[in-house]
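Report on the following structure.
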Amino acid sequence: MLSWLPEDVSSYGPQIDRLFAVIYYVTGATFFIVQITLLVFVVLYRYRPNRRATYTHGNTALEIAWTIAPAILLVILAFVSRNTWAEIKQRIPPTDFVVQVTAKQFNWELAYPGPDGKIGTDDDFTMDNDLHVPVNKTVRLILKSRDVIHSFFIPNLRFKQDLVPGHEIPAWFKALKPGKYEIPCAELCGFGHSGMKGWLFVHTQEEYDAWARENHASPTGGAAAPKES
Ligand SMILES: [Cu+2]
């Protein structure tokens, strides 16, 4: 089922994929029903000599039906997706691992807390485009933008979130499989947009610790959370 999707390595990926499948099949079926009806009508009511066009005011019952049916369908989809939305977008599981992502034309700037465990201080470790995290660890992101709206998209994690200038948007993910995954920008943000991408490196804990030690990013593999304001 939907085997063309990128490999899912996210803790909440299966929920997203299930919703995606439901919406995909519902809208796909609707598409075919509408297009087939259109074709049938085109043939059925095509021009024929000696046939006069009829003038109609429409059919009230039919119009009410095709307004209410899709409305009910959309409300059902909204309820079906409610829990997933709350779990992924509204509740951030507790974690001591925080990375700040600042988008700018045309790079992702990643900031890790330094030895003091806080982001926004002089000892932060920053780098462009490469995001390193340990596997099976809840990673909290602080998403910011320096110029225009960008969208931080990690298809393998089923993660996508806009970064809006003037806002700090919290988000999270947990990667379940070590590997290297693409982070494209998914919001047209200027001339360099198509080249704007980074890479997510999901390491084993030991690998991550070694990387962090080398880069003074965070001593334990888990950086302390920045102070809540
Ligand atoms: Cu961008």
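Bear in mind that the values in this text are calculations on the coordinates, not laboratory data. The shown structure was predicted, so the numbers you read here are calculated from the model rather than taken from an experiment. Cβ sites come from the backbone with ideal geometry, for glycine too, and all protein chains shown count toward neighbours.
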Suppose a student asked you for the relative contact order of the range 1-144, using Cα pairs under 8 Å spaced at least 6 residues apart; what percent would you report? 18 percent
Straight distance only, please: which aspartates and glutamates reach the Cα of residue 104 with their own Cα at less than 19 Å, same-chain residues fewer than 8 apart left out? 124, 128, 130, 147, 162, 168, 182, 187
In the range 43-122, GluC sites (Glu not before Pro) in a DSSP loop with at most 12 other beta-carbon atoms within 10 Å: none
Strictly over 21 Å apart at the Cα level, which of 160/180; 137/197; 137/177; 89/144 would you flag in this model? 137/197
Are there trypsin sites (Lys or Arg not before Pro) in the range 70-114 that DSSP marks as loop and that have at most 10 other Cβ atoms within 10 Å, and which are they? 91
Quick one: angle between helix 205-215 and the longest Cα principal axis of the chain, in degrees between 0 and 90, rounded to 10, please. 60 degrees
Report the label-to-label distance for residue 79 and residue 25 in nanometres (one decimal), using points 7 Å from each Cα along the Cα→Cβ vector. 1.9 nm
Given backbone amide H placed at 1.01 Å from N, residues whose amide H is under 5 Å from that of residue 124, ignoring those fewer than 5 places away on the same chain, are 114
Applying the Karplus parametrisation 6.51 cos²θ - 1.76 cosθ + 1.60 with θ = phi - 60° to the phi angles of the range 107-113, what ³J(HN,Hα) value in whole Hz is obtained for each residue in order, glycine and proline being reported as x? 9, 9, 9, 9, 10, 9, x
Using a Förster radius of 22 Å, what is the FRET efficiency between residue 46 and residue 66 based on their Cβ-Cβ separation? Nearest 0.05, please. 0.40
Using only Cα atoms, tell me the angle between helix 13-44 and the longest principal axis of the chain; keep it within 0 to 90° and round to the nearest 10. 20 degrees
Through the Karplus equation 6.51 cos²θ - 1.76 cosθ + 1.60, θ set to phi - 60°, convert the phi angles of the range 81-96 into ³J(HN,Hα) values in whole Hz; use x for Gly and Pro. 8, 4, 5, 4, 4, 4, 5, 8, 9, 10, 10, 9, x, x, 7, 9
